[in-house]
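Following: one structure in structure tokens, then a few remarks.
The values are calculated or read from the model by the stated rules, or taken from the named source; none is laboratory data. Just so we're clear, the structure is a prediction, and the values are computed from it rather than from any experiment. Every residue, glycine as well, gets a Cβ built from its backbone with ideal geometry; the counts of neighbours run over all protein chains shown.
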Amino acid sequence: MQIVCKNLKDNGSINKVGLANPGNKYAKFTKTPKEVNDMIDEGTKCFFTDEKGDVAEVEQLGDDFIRTKPDGKTHNNLSHLRDCSFS
């Protein structure tokens with residue numbers, strides 16, 4: 001699943017992310033980092049693509065956090081995702 005946007009908590013950590021089928025830029029549904037971790041545990045690959053087209057795989061970081069896999073690229077961070085408004 002492609003992570004296409006984020007919604008932050010007051011402390012700056014990720015509250016929810018918007019997910020879409022690969023190649024789609026609009027979120028089909030939202031998940032918390034914990035729910036994304038559950039998806040990863042079940043074998044779903046999650047990633048995001050930056051504005052240059054670089055793809056970064058998302059991995060678990062504890063129970064309630066996610067991050068991009070370190071690969072030496074500086075701009076493939078989830079904080080660079082566009083903001084989404086979720087109801």
Q: Go through region 71-87 and count every residue that is over 11 Å from the mean Cα position of the chain (by Cα) and modelled with pLDDT of 80 or more.
A: 2
Q | Close pairs (8 angstrom Cβ cut-off, 6 or more residues apart or separate chains): in contact (Cβ under 8 Å) with a residue 24 or more places away in the chain and on the phi < 0 side of the Ramachandran plot in region 1-25, assigned to a strand (DSSP E or B) and among the hydroxyl-bearing types (S, T, Y) anywhere | A | Q2/T49; N7/T30; K16/T30; V17/T30; G18/T30; L19/T30
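Every residue, every condition in (1) in contact with a helix residue (DSSP H, G or I) (Cβ under 9 Å, 6 or more places away or on another chain); (2) at pLDDT below 95; (3) more than 16 Å from K69 (Cβ to Cβ); (4) loosely packed, with under 12 Cβ neighbours inside 10 Å, yes or no:
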position	(1), (2), (3), (4)
Q2	no, yes, no, no
C5	no, yes, yes, no
N11	no, yes, yes, yes
P22	no, yes, yes, yes
K34	no, no, yes, no
C46	yes, yes, no, no
